[in-house]
Amino acid sequence: MRKPIIAPSVLSANFARLEEEIEMLNRSAADWIHLDIMDGVFVPNISFGLPVTQAISRVARKPLDVHLMIVQPEKYLEAFYKAGAAVLTVHAEACVHLHRTTQQIRMLGIRPGVAINPHTPVRTLENVIAEIDVVCLMSVNPGFGGQQFIENTYRKITELKSLIIESESRALIEVDGGVGPENARRLVEAGADILVAGNAVFGAPNPEAAISRLRES
């Protein structure tokens, strides 16, 4: 079985020791570093924005997977590109002109992604799936770390995989929320390519070992 891309979520890191946490991710088997940008409007929480993203980019030696959980993300695409994003994901629910927004990301020279919330049908992506590189399936309701994994996600992965094949898309399937050693293997078996893990990494006694275990799932 193929190894998944592991993208630890910095939202669960110790922000009082953020540089050390990023250096740990640099040493680890992590592939990407996942940054959750929350505005307190699209989701009921505020996380961090451009200055912290820029600070992380100066230390990180792995691609930054930036997840914009914000309204009107199209206003900030270039700013996050300049801040160091390698993958830039917007929410389908937040974009009035989703196709245009993903094209704008592509024109910046980075990888466009689209996230969908647990209630949003996979078929919502039917007309953009061939144009994007990543689909982020939210497996919890976005806004806070440490939530319980939504079991319906397995079915959505299967549906999304079928849509990708049918559309001859090269999009990777990312799963974000409640991911840990107890469900990582099943997610990969269902078709997930990228696993975002927060508490399962930063809450572990040995985060580097936790990342390695997820990667071997």
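Each value in this text was obtained by applying a stated rule to the coordinates, not by laboratory testing. Small disclaimer: the values here were computed from a predicted structure and weren't measured. Quick reminder, even Gly has a Cβ in these numbers, built from the backbone with ideal geometry, and neighbours come from all protein chains shown.
Taking 61, 111, 27 as the candidate residues, the one with maximal mean-square fluctuation in a Gaussian network model of the chain, Cα springs under 10 Å, is 27. Taking the chain as a Gaussian network, where each spring joins two C-alpha atoms under 10 Å apart, which residue of 174, 189, 166 fluctuates the most? Checking each option, the largest mean-square fluctuation is seen for 166. Please report the net charge: other residues with Cβ closer than 10 Å to the Cβ of residue 173, K and R +1, D and E -1. Every neighbour counted, the sum reads 0.
Largest mean-square fluctuation among 160, 18, 137, in a Gaussian network model of the chain whose springs join Cα atoms under 10 Å apart, belongs to 18.
Expressed as a whole percent, the proportion of Cα-Cα pairs in the chain lying more than 21 Å apart is 49%. With runs of 4+ DSSP H residues as the only contributors, calculate the mean residue ellipticity of the chain at 222 nm using -39,500 (n - 2.57) per run, divided by the residue total and rounded to the nearest 500. Only helices count here, giving -9000 deg cm²/dmol. Quick check on region 89-172: take the gyration tensor over C-alpha atoms, sort the square-rooted eigenvalues as a ≥ b ≥ c, and tell me if it's rounded (a/c under 1.5), prolate or oblate. Here region 89-172 falls in the oblate category. Phi angles across region 11-16 convert, under the Karplus curve 6.51 cos²θ - 1.76 cosθ + 1.60 with θ = phi - 60°, into 3J(HN,Hα) values of 4, 8, 6, 7, 6, 6 Hz, Gly and Pro given as x.
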